[in-house]
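Data first, discussion second: the structure below is written as structure tokens.
The values are calculated or read from the model by the stated rules, or taken from the named source; none is laboratory data. The shown structure was predicted, so the numbers you read here are calculated from the model rather than taken from an experiment. Neighbour counts are summed over all protein chains in view; Cβ atoms, including those assigned to glycine, are modelled from backbone coordinates with ideal geometry. Heads up: the accessible areas ignore ligands, DNA and RNA and are worked out on the full protein's heavy atoms, side chains in. Shrake-Rupley method; radii C 1.70, N 1.55, O 1.52, S 1.80 Å.
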Amino acid sequence: MIDCVDGARLRSNPQPLFVTLASLQEVTRHASPNRSPISPSLAVELKTDDDISPGWWKKHVTGKSSEGDFVSFPGLLDPVSVTTVEYVPSHFNLSKVDPHKVHELILQSAGLPEIFPARRIGNDTHVDGGIVDNVPLAALAEVPGHTAFFIVPLEAQVNEAAVREDMRANLERLGRKAPDSLPELILLTPPHSLGGFLLGTLDFGARRARALMQLGYSDTIRHLAKRSDERDLRLC
């Protein structure tokens, strides 16, 4: 890592390069009586009502609307706030952090909970960000000047609707609203399952790594060729 990643060069890169970690935070969702949209906010020292168990709000989410998830509180007369402890993503722009922390951040981005120890960075203890923000579009949601995002899922079932929903949920955890529009999302999904968590994610063998790189290259060429053909058809 030290030989291959130059923190000083990353700082001079005009394009943002993010590392996504996750830390446990208190997330508070506010709701009014009857059918009410959930609007989140983060706070450091919030207390949960003793009568409301963690995860209580999830059991009461009864649907979705254009404004987001909504809940129903039969007989509730006063507004209520529910605080849960959840993993919240943290996005570190490597072109802006201390160069001496770059290697630590990259290593911890592979710190799977229960397998690798959590690491304290700054004021919070962090683990692998993939457990909550595996396609970290939330980091790029407000970065201007892009017309398209290439997304490389490691699971064949991932689709654009799921990616957008995950982004919305993570922006909600961060107390931010989803932007009105996003650049085009180009998903380079694999043609078949890559083995899941046990047989795929945890297989670090060199032969498998080379095979996956070749598969990714082939998928990219095939996808871009298809887009080129579709563009030519539109021009005709």
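Within the stretch 181-206, can you find the residues that are under 25 Å from Gly111 (Cβ atoms) and either of a type in the set (D, E, K, R) or in contact with a His (Cβ under 9 Å, 6 or more places away or on another chain) (or both)? Once the filter is applied, which keeps residues that are under 25 Å from Gly111 (Cβ atoms) and either of a type in the set (D, E, K, R) or in contact with a His (Cβ under 9 Å, 6 or more places away or on another chain) (or both), the stretch 181-206 yields only Asp203. Per the conditions (1) open to solvent by 30 Å² or more (accessible area, probe 1.4 Å); (2) out of contact with any strand residue (DSSP E or B) (no Cβ under 9 Å at 6 or more places or on another chain); (3) outside any loop (DSSP other than H, G, I, E, B), the sole criterion not satisfied by Phe204 is (3). Contact annotation: residue pairs with Cβ atoms under 6 Å, 6 or more positions apart or on different chains, pairing a residue in the stretch 172-186 that is closer than 14 Å to Glu142 by Cα and in contact (Cβ under 8 Å) with a residue 24 or more places away in the chain with a partner that is polar (S, T, N, Q) and assigned to a loop (DSSP other than H, G, I, E, B), are Pro183/Thr147.
Scanning the stretch 96-114 for residues that are open to solvent by 90 Å² or more (accessible area, probe 1.4 Å) and either closer than 24 Å to Leu202 by Cβ or part of a strand (DSSP E or B) (or both) yields Leu107, Glu114. I'm checking my understanding of the structure. Among residues of the stretch 164-178 that are out of contact with any strand residue (DSSP E or B) (no Cβ under 6 Å at 6 or more places or on another chain) and part of a helix (DSSP H, G or I), which one is surrounded by the most Cβ atoms within 10 Å (Cβ to Cβ)? My answer is Met167. Just one of the listed residues (Ala141, Ala161) is open to solvent by less than 90 Å² (accessible area, probe 1.4 Å) and within 24 Å of Ser193 (Cβ to Cβ), namely Ala161.
Could you list, in sequence order, all residues of the stretch 179-191 that are open to solvent by 40 Å² or more (accessible area, probe 1.4 Å) and either in a loop (DSSP other than H, G, I, E, B) or among the basic types (Lys, Arg) (or both)? Let's see the steps before the verdict.
Here is the first cut: in the stretch 179-191, the residues open to solvent by 40 Å² or more (accessible area, probe 1.4 Å) are 179-181, 184, 189, 191.
Within the stretch 179-191, Pro179, Asp180, Ser181, Thr189, Pro191 qualify.
For Thr84, indicate whether it is modelled with pLDDT under 85 and part of a strand (DSSP E or B). So Thr84 passes the test. Taking first residues from the stretch 146-161 that are small (Gly, Ala, Ser) and partners that are open to solvent by 60 Å² or more (accessible area, probe 1.4 Å), the Cβ contacts under 9 Å between residues at least 6 apart in sequence or on separate chains come to Ala148/Glu184; Ala156/Pro191; Ala156/His192; Ala156/Ser193. Applying the criterion of being in contact with a helix residue (DSSP H, G or I) (Cβ under 6 Å, 6 or more places away or on another chain) and in a strand (DSSP E or B) to the residues of the stretch 115-136, the residue that is most open to solvent (accessible area, probe 1.4 Å) is Arg119. For the stretch 144-158, filtering for residues that are closer than 27 Å to Leu202 by Cα, open to solvent by 100 Å² or more (accessible area, probe 1.4 Å) and assigned to a loop (DSSP other than H, G, I, E, B) leaves 2.
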